[in-house]
């Protein structure tokens, strides 16, 4: 129950009933209805509790959630770091490719997958806490809240400081504050191993998906990875913010000392590294001629969780290997 939303919950009961019925009909796994999973018994110490949320509201939790549903890759990373699979009711199938679980196609095999952020199948799963994101479908979020589901709307962190705060929030939501602090301490310890290169490399975070190129400027997780790894982000220095398209002419003008690109995706297709090496217009760039192109794992290039730090560590390690 959410204290501030009890009246909404009562008004939403007929809607919730309809949505659950529709969801039960719509949600199938391997051609049949997913059997109910036994829910674990966990200590209620510290509950009931009120949790202050980033948007200024408060979420009331009578008991620690045991059927958590992360709705995107960033929240998958949170539950994977802090919870056992038994306390996760389902995982967003497509998002797994961009989470810490991407490296194992059989990770958490007993946890069902759902294909899209839609109200009906999510209601059928009967989660007791949904971790959604502010860029996801607003109508689905509204319907879940109308049905009375405890739902926390997360904002993707862009910095390690923001990611650390989100870990602490998740720890309080799940009742695992000590586990969250352990993850933070371990991450800080790994971060402290980075030795910034001298001089700082002039780097450009660049992707090319077959329909034009994009660079990561200020206010992106890539910009934070550059800062943590001791690397200059040329796009940010050129006044760009966010992820913006870039022409070949602008690439030549920026003339980076090194390109930082995502590694090949599982979907296949031309990799960004292959594009840089094959594009005739870029053949004069020193970074291309010298193959000073650093690939970091695709999921770390796009991560929106505390794994920002792991992306920075991988960047630092591969830059060092490039210069050996």
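The values are calculated or read from the model by the stated rules, or taken from the named source; none is laboratory data. Because the structure is a prediction, the values reported are computed rather than measured. Note: ideal-geometry Cβ built from the backbone for every residue, glycine included; neighbour counts use all protein chains shown.
Within segment 277-299, being out of contact with any strand residue (DSSP E or B) (no Cβ under 6 Å at 6 or more places or on another chain) and within 17 Å of residue 201 (Cβ to Cβ) holds for 285, 286, 288, 289, 290, 291, 296. The number of residues in segment 135-154 being assigned to a loop (DSSP other than H, G, I, E, B) and touching a strand residue (DSSP E or B) at 6+ places or on another chain (Cβ under 9 Å) comes to 3.
Inspection of segment 94-108 finds no residue satisfying the criterion of being closer than 19 Å to residue 148 by Cα and in contact with a helix residue (DSSP H, G or I) (Cβ under 9 Å, 6 or more places away or on another chain).
The residues in segment 184-215 that are closer than 19 Å to residue 318 by Cα and assigned to a strand (DSSP E or B) can be counted, and the count is 6.
Here are some residues: 217, 242, 210. Which one is touching a strand residue (DSSP E or B) at 6+ places or on another chain (Cβ under 6 Å) and farther than 16 Å from residue 311 by Cβ?
Working: 242 fails: touching a strand residue (DSSP E or B) at 6+ places or on another chain (Cβ under 6 Å); 210 fails: touching a strand residue (DSSP E or B) at 6+ places or on another chain (Cβ under 6 Å).
Sole residue among the options that is touching a strand residue (DSSP E or B) at 6+ places or on another chain (Cβ under 6 Å) and farther than 16 Å from residue 311 by Cβ: 217.
Restricting 113, 87 to those that are within 20 Å of residue 176 (Cα to Cα) and modelled with pLDDT of 65 or more reduces the list to 87.
The C-beta contact set for segment 280-297 (first residue assigned to a loop (DSSP other than H, G, I, E, B), second residue surrounded by fewer than 18 Cβ atoms within 10 Å (Cβ to Cβ), distance under 8 angstrom, 6+ apart or interchain) comprises 283/289; 284/252; 285/252; 285/255; 291/277; 292/286; 292/322; 297/263.
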